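The structure appears right after this line, and notes come after that.
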Amino acid sequence: MIEGLRALFGGRILVEVGDITDFRGDAIVNAANSGLLGGGGVDGAIHRAAGNELLEACRRLRAGTLREGLPPGQAVMTPGYALAVKAVIHAVGPIWMDGKSGERKTLRAAYENSLAIAAEAGFRDIAFPAISTGVYGYPKKLAAVDSHAAVLGFLSRSALPERAHLVFFARTDAKIFLDALAEAGVGPP
Ligand code: APR
């Protein structure tokens, strides 16, 4: 069950809490690694919920166009299989180093490229996890500002997708996100 906490940007950015594999919309973004063959965190949850066909589809990508894997900042789409969505958009976020190794640019690119794929596919509702804020160690408050800027910037220029759902697994993470935006003077108080 995914619970709505806050609507931003006229309801086009929705802050929610729950398990992203419960999302019922057009696409779920996966916080993948460059290898694209599954892992832990939300990547593991999505692969478990989608079933083995998702892994097979990723293996085909690695055997075909993505022999070297998917570079950080890039995104690629597969069907959603057993998930209640049409597609999974696998996006590779940056591993946080020191904030001076291009991580911020790469995180924005991961969001923007996922949104571009969704817009191109004509999707209306897409759900994002908080990319890079788990195993990859991206500071959560900075990720809030950077991910919000990337999503807001893209949606300001594009009618599709209609809504970006930012789905946090932990309620505390959603609170960190909203507090960070408030501190940065972004979005409604
Ligand atoms: N639904 C929504 N969000 C989730 C879920 C879930 N079921 N499970 C985890 N998350 C959240 C985490 O709490 C975190 O806020 O997703 C965010 C991203 O954390 P990770 O999944 O660790 O992803 P990331 O930090 O981008 O690291 C990616 O970790 O799991 C491996 O294979 C993955 O190598 C890749 C790396």
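According to the Cα gyration tensor, what semi-axes, each the square root of 5 times an eigenvalue, does the equivalent ellipsoid of the chain have, listed from largest to smallest in whole Å?
Numbers: eigenvalues 116, 67, 48 Å².
Semi-axes from the Cα gyration tensor: 24, 18, 15 Å.
What does the C-alpha gyration tensor say about the overall shape of region 106-189? Classify as rounded when a/c is under 1.5, otherwise prolate if a/b is larger than b/c, or oblate. Prolate, because a/c is 1.5 or more and a/b exceeds b/c.
Partners of residue 105 within straight-line reach, counting lysines whose Cα lies under 27 Å from its Cα and excluding those fewer than 8 residues away in the same chain: 140, 141, 175. Working from label points 7 Å from Cα in the Cα-to-Cβ sense, the residue 159 to residue 97 distance is 4.2 nm. Full extension of the chain between residue 121 and residue 48 gives 23.8 nm of extra length, using 0.36 nm per residue less the Cα-Cα distance. Positive-end ranking of 154, 1, 169 along the dipole of the chain, with charges on Cβ about the Cα centre, is headed by 154. Taking the Cα centre of the chain as origin and assigning +1 to Lys and Arg Cβ atoms and -1 to Asp and Glu Cβ atoms, the resulting dipole is close to 220 debye.
Between region 93-114 and region 37-69, what is the C-alpha centre distance in whole Å? One Cα centre to the other: 21 Å.
Relative intensity of region 61-123 on a log10 scale, I(q)/I(0) at q = 0.12, 0.13, 0.17, 0.19 Å⁻¹, equals -0.35, -0.41, -0.65, -0.78, per a Debye sum over C-alpha point scatterers of equal strength in the absence of solvent. Relative to the longest principal axis of the Cα atoms of the chain, helix 103-120 runs at roughly 70 degrees. Here the scattering of region 31-76 is modelled by Debye summation over its C-alpha atoms, one equal scatterer each and no solvent; at q = 0.14, 0.17, 0.22, 0.23 Å⁻¹ the log10 of I(q)/I(0) is -0.29, -0.43, -0.72, -0.78.
Taking θ as phi - 60° and the Karplus parameters 6.51, -1.76 and 1.60, the scalar couplings of region 159-170 work out to 6, 10, x, 5, 9, 10, 9, 9, 9, 9, 6, 9 Hz in sequence order, x denoting glycine and proline. Counted by Cβ distance under 9 Å from residue 160, the other residues give a net charge of -1, where Lys and Arg count +1 and Asp and Glu count -1. With contacts taken as Cα pairs under 8 Å at a separation of at least 6 residues, region 44-189 carries a relative contact order of 19 percent. Charged side chains reduced to their Cβ positions (Lys and Arg at +1, Asp and Glu at -1) give region 1-78 a dipole of some 240 debye around its Cα centre.
Computed over the chain with a Gaussian network model linking Cα atoms closer than 10 Å, the most mobile of 158, 34, 147 is 158.
Simple rule: put +1 on each Lys or Arg Cβ and -1 on each Asp or Glu Cβ in the chain, find the dipole, and look at 21, 61, 46; the Cα lying farthest toward the positive end is 61.
About its Cα centre, the dipole of region 97-184 is roughly 80 debye, where the only charges are +1 on Lys and Arg Cβ and -1 on Asp and Glu Cβ. Evaluating 6.51 cos²θ - 1.76 cosθ + 1.60 at θ = phi - 60° for every residue in region 9-14, the Karplus couplings come out as 6, x, x, 8, 10, 10 Hz, glycine and proline recorded as x.
Every read-out reported here was derived from the displayed coordinates using simple, explicitly stated rules and does not represent laboratory data. The structure displayed is predicted, hence computed values, not measured ones. A quick note on method: Cβ atoms are made from the backbone with ideal geometry, for glycine too, and the neighbour counts reach across all protein chains shown.
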